[in-house]
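The values are calculated or read from the model by the stated rules, or taken from the named source; none is laboratory data. Computed from a prediction, not measured in an experiment: that's the story for all the values here. Methodologically, a virtual Cβ is constructed for each residue, glycine included, from the backbone with ideal geometry; neighbour enumeration extends over all protein chains shown. Remember, those area values only see protein heavy atoms, side chains included, never the ligands or the DNA or RNA. Shrake-Rupley method; radii C 1.70, N 1.55, O 1.52, S 1.80 Å.
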Amino acid sequence: MPMPSLGAGREFDRIRAVLAALGDHAAGAGDDCAFVPSDPGVIALSADTSVEGVHFRREWLSLEEIGWRAAAGALSDLAAVAAEPIGVLAALVLPDDLGEPETVRLMRGIGDVTASVGGKVLGGDMSGGRSLAIGITVVGSCMSPVRRTGAVTGDSLWVTGSLGGASAALLSLQAGAAPAPAARAVFARPEPRVQSARWLAGRGARAMIDLSDGLAGDAGHLAAASAVRLRIDIAGLPVHPDLVSRVARTGESAVALAAIGGEDYELLVAMPAEFDERNAAEHLHDTGVPLTRIGVVEAGQGVSLTEGGVSVTLRSFDHFA
Ligand SMILES: [Mg+2]
C-alpha cells in the first residue's frame, strides 16, 4: 500500500526523517495502523508508547488506570481504521518500586480495556529501568480498513462523543484540584471507539482518524493523507460539559480548548454527503455514542477552522514541544 502524507508538526517531521533514512526498508507508515495482507482482508498493527512524566503522572492515576489508558491509546488506532481487535503485546519498563503486585495492577488495566473491545493480552516483555514506560503493540483484523486517504470533496465531517473531557480533567489536575467525575473517566479510562468505527465503516465511511493529539492537529493529517481541505466550524463542536463548566470561571474559550485538547480518543470521520442527522441518530441508538456533524471536505489543502464563520488559528499539541 502507498504511504499517505503526514500533516505538520515536529513529531511528524521526525517520522518523515526516519522514513527517508529507512527508504525501502520501511513500509506502512503514515496511517493509524500498518497493514499486512491476510486471507481474506488485512492484519492491522500499531504501536504506542506511554512514558511517566511525558504522558502520565503516577500521582494522578491508579496503576490500573495507567495501564488502561496506555492500551486504550493504542487500541484507538485499531478503531481508527475500523479493525476488529485481536489483542495486544505489552512491553513494560518498570522502576524498582514497582514489584509483582504493582505489575499485576498495571497489567489488569491493560487486560480490562483490551477485553472491553473483544481482544486478549497476547504477550509482552518486562525490563527494569529508571521510570515507568509502557509500550503497547496492538493487532487487529479487517476485511477492508478505513484509511486516512479516502475523503473526497463534498463529504461531511463528523466526530463521535464529545471533545475536551480529557482536557477538563488535565486542567483540574494541573491546578491541584480533583477533576469532575465524568471528565476524570474520559482522562483515566478512555473508551476506544471500536464499535462506532465498525458501524461507520458499514455505512460507507470514506476516511477516519482517531483524535489522540486533538482535533485541530489530527484533522491536518486526514487532510494531508486525502489531499483535500477540511473546513470545520468549531462553534458546532460537541464540547464536553465538564470543560464548559471548568472554563466558565476563567473566560477561556471552551470550543477552542476542545478543538486543541488531546487524548479524548474520539473519531473524526468523513462520510458521504448523503449521510445525515437521521443516520447519526441511528448510530446513537445502536452504539450509545453521539455523532455530531462538524464540517465539510473541500478541494484544497490543510484545515480551515472557523468559529461562527470567522477564521480562527489554534495551536496543536506537540509531544516534542
Ligand atoms: Mg491515531
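Which pairs do you get when a residue that is open to solvent by less than 10 Å² (accessible area, probe 1.4 Å), found in region 76-88, comes within reach of a residue that is part of a loop (DSSP other than H, G, I, E, B) and within 9 Å of the ligand (Cβ to nearest atom), reach meaning Cβ atoms under 6 angstrom, with the pair 6+ apart or on two chains?
Pairs that qualify, where the first residue is open to solvent by less than 10 Å² (accessible area, probe 1.4 Å) and the partner is part of a loop (DSSP other than H, G, I, E, B) and within 9 Å of the ligand (Cβ to nearest atom), are Ser76/Tyr265; Ala80/Asp32; Val81/Asp32; Val81/Cys33.
Just wondering, is there one or more residues in region 12-30 that are in contact with an Asp or Glu (Cβ under 9 Å, 6 or more places away or on another chain), in contact (Cβ under 8 Å) with a residue 60 or more places away in the chain and on the phi < 0 side of the Ramachandran plot?
no
With respect to Val54, determine if the residue is in a strand (DSSP E or B) and either open to solvent by 70 Å² or more (accessible area, probe 1.4 Å) or β-branched (Val, Ile, Thr) (or both).
No, not satisfied.
Filter region 248-294 for residues that are out of contact with any strand residue (DSSP E or B) (no Cβ under 7 Å at 6 or more places or on another chain) and among the aromatic types (Phe, Trp, Tyr) and give the result.
Matches in region 248-294: none.
Considering region 118-146 alone, what residues qualify as being over 18 Å from Thr49 (Cβ atoms) and open to solvent by 20 Å² or more (accessible area, probe 1.4 Å)?
Gly118, Lys120, Ser141, Met143, Ser144, Pro145
Restricting to region 205-225, name every residue that is more than 14 Å from the ligand (Cβ to nearest atom) and touching an Asp or Glu at 6+ places or on another chain (Cβ under 9 Å).
The one that is more than 14 Å from the ligand (Cβ to nearest atom) and touching an Asp or Glu at 6+ places or on another chain (Cβ under 9 Å): Arg206.
In region 229-249, what residues are closer than 23 Å to Met3 by Cβ and either within 16 Å of the ligand (Cβ to nearest atom) or open to solvent by less than 10 Å² (accessible area, probe 1.4 Å) (or both)?
Leu230
Listed here are the residues, each with its yes/no results for (1) of a type in the set (Gly, Ala, Ser); (2) in contact with a strand residue (DSSP E or B) (Cβ under 8 Å, 6 or more places away or on another chain).
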| position | (1), (2) |
| --- | --- |
| Arg148 | no, yes |
| Trp158 | no, yes |
| Gly164 | yes, yes |
| Ala169 | yes, no |
| Ser172 | yes, no |
| Leu200 | no, yes |
| Leu215 | no, yes |
| Ile234 | no, yes |
| Ser245 | yes, no |
